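Right, one structure below, let's go through it.
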Amino acid sequence: MRFLLLLFLIMLIVPYLVRLLFPWLLRYMGKRMGKRIQRSFEENNRTKTTNSAVKQTPPKRKKIDKNVGEYVEYEEIKE
């Protein structure tokens, strides 16, 4: 009899607690995910701005092996 009473009380209390705690848990996780997204967004912006400030190196010259044959440079034309 004691077991049934305890089971009945648990069945009444657990849904009530879930109803109270679930919205709080969702808000907490939402804020945490928002902070993570904000932090990653700021890190991405910071790396983009620092990368653009880096001195650009001139393009490297193409190495042509004389044993391969004749090398023809071409450009693709978009129609």
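So Leu21 fits all but one of (1) at pLDDT 90 or above; (2) under 16 Å from the mean Cα position of the chain (by Cα); what number is the exception?
Unmet for Leu21, out of (1) at pLDDT 90 or above; (2) under 16 Å from the mean Cα position of the chain (by Cα): (2).
Would you be able to say whether some residue in segment 32-39 is at pLDDT below 90 and of a type outside the set (A, V, I, L, M)?
no
Every residue in segment 21-36 that is surrounded by 10 or more Cβ atoms within 10 Å (Cβ to Cβ) and among the hydrophobic types (A, V, I, L, M, F, W, C), please.
Leu21, Phe22, Leu25, Leu26, Met29, Met33, listed by residue number.
The values are calculated or read from the model by the stated rules, or taken from the named source; none is laboratory data. This is a predicted model, so every value here is computed, not measured. Cβ atoms come from the backbone with ideal geometry, glycine included; neighbour counts cover every protein chain shown.
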